[in-house]
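Below is one structure, written out as structure tokens; comments come after it.
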Amino acid sequence: MDLNRGLEDLVAVALVAALAPLVVAVLPGPRIPQVVVFLFGGILIGPHVLGLAETSNIQLLSNIGLGFLFLLAGYELDPLLLRQRPGQLAITGWLISAVIATGVVAGLAAAGYVKDYVPVGLALTTTALGTLLPILRDNDMLAARFGQYVESAGAVGELFPILIIAVFLTQRGHFVALASVALVGVIALILAAAPALAHNSTVSGIIREGQDATGQTTLRWTVVLLFVLLAIASRFGLDVVLGAMLAGMVLRRWTRRMDLDTTSLEHKFDTVGYGIFIPIFFITSGMTLDLKALSQDPLRLLLFFGLLLIVRGLPSLLVYRRALRPRQRLEMTFITATTMPLLIALAEIGQRDGVMLPATAAALIGAGVLSVLIYPLIAVGLHRAGPLTPADVGITPHEPATGPDAPPDNPGNQAR
């Protein structure tokens, strides 16, 4: 790689990242997610439009951004939720989506419209929890019970496809791939037990004294954890996003066992992840979008865009019928249908195998871009349109208070 050329590419990418908040602020109408500006900025500076930057020169930084995105998604995931009602419903919804996707893609394959059966079908079952988190957090949509259902659905929509990618879409045998997943999981469990060392007063003192000073101990060890699991996953031929998500889950356990200041640590993650590396990933993703292939078959893009809503989104109306109110079920429909990073990974796998058509790969990524642009905005609009109930903000109904300190039922009665 030419160092000068790589620095020039990095300048172009950094400029897009810096301008994105300004673009979002000046655009009229509802505020769009910055992710959308990153993607369109990447398209603009990429080889298919202005040709100001090449993806090959900044691919490593892009992979680190992808790693941070899934690390933060794994960190937000509470494994206990998957064993409770939100997790059970999320798994049921994903299985329904998988069944629908199997039938839909079988029909498309029979018609000769797609050739790479498994990646395309799997793409229709994914949810971009990592992409959605900042959007939903900014609009206070992760509070109380609804937030638990959203996080569970998003986690299952990322974790299950990642595991299938690691086992079935690998160049190794399925048994070897399954053993590799198990081994990486064991390594993650061992790393999760590492905080036991912190019970040593010397080690604990070093960590606590350095977490907010120039040493930045906790942040540095977080980066080490991420890089270790990314390297291990890559070495075993697994998709790197599996290693990144496991790193986030291990990190969550670290912070709980070591009683760290999680608020301060999460601010650091946001600063490093969303401030530096994650924008590079999304901008680079936009640079890979082949507009020529999309323009030759735009109906393919619209088809996948609609199928994301049908296959992944609509089951939410059925699955959550007894858990959420109708408006919230509609919000969940558009939230679960939003996807992006895994579509890029699946498109790369399909093209690497030499089976997926370039038009299909471009249409999958393009559908993901549209889903990030449109579906969350609809969900946010529905959320803002409906009045909040006490249950929405975590207030449970209770019996009226009694006694001398209780407020009067009717102020007018007291006057009498």
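The values are calculated or read from the model by the stated rules, or taken from the named source; none is laboratory data. Just so you know, these numbers come straight off a predicted model, no measurement behind them. Ideal geometry is used to build each Cβ from the backbone, glycine not excepted, and the neighbour counts take in all protein chains shown.
Key figures
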read-out: Neighbours by Cβ (under 6 Å, 6+ apart or cross-chain): first from region 133-155, buried (at least 21 other Cβ atoms within 10 Å of the Cβ); second not in a helix (DSSP H, G or I); value: I135/P33; L136/L142; G154/T127; A155/L77
read-out: Hits in region 41-57 (condition: in a loop (DSSP other than H, G, I, E, B) and more than 14 Å from L19 (Cβ to Cβ)); value: G46, P47, H48, V49, L50, G51, A53, E54
read-out: Residue match in region 348-355 (condition: in contact with a Phe, Trp or Tyr (Cβ under 8 Å, 6 or more places away or on another chain) and part of a helix (DSSP H, G or I)); value: no
read-out: Scope region 160-178; condition in a helix (DSSP H, G or I) and modelled with pLDDT under 85; matching residues; value: I162, L163, I164, I165, A166, V167, F168, H174, F175, V176, A177, L178
read-out: Pick from region 1-57, criterion small (G, A, S) and crowded, with 20+ Cβ neighbours inside 10 Å, ranking: modelled with the lowest pLDDT; value: A53
read-out: Number of the condition not met by V118 [criteria: (1) among the aliphatic types (A, V, I, L, M); (2) within 20 Å of A347 (Cβ to Cβ); (3) assigned to a loop (DSSP other than H, G, I, E, B); (4) free of Cβ contacts under 8 Å to residues at least 60 places away in the same chain]; value: (3)
read-out: Residues satisfying the stated conditions in region 318-332, i.e. outside any helix (DSSP H, G or I) and more than 12 Å from Y149 (Cα to Cα); value: R321, R322, R325
read-out: Single residue of A90, A73, A109 found to be surrounded by fewer than 23 Cβ atoms within 10 Å (Cβ to Cβ), in a helix (DSSP H, G or I) and not acidic (D, E); value: A109
read-out: Flag for S204 being modelled with pLDDT under 60, surrounded by 13 or more Cβ atoms within 10 Å (Cβ to Cβ), over 20 Å from the mean Cα position of the chain (by Cα) and not hydrophobic (A, V, I, L, M, F, W, C); value: yes
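Conditions tested, residue by residue: (1) more than 18 Å from the chain's Cα centre (by Cα); (2) modelled with pLDDT of 90 or more.
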residue	(1), (2)
D259	yes, no
T263	yes, no
D270	no, no
L289	yes, no
I310	yes, yes
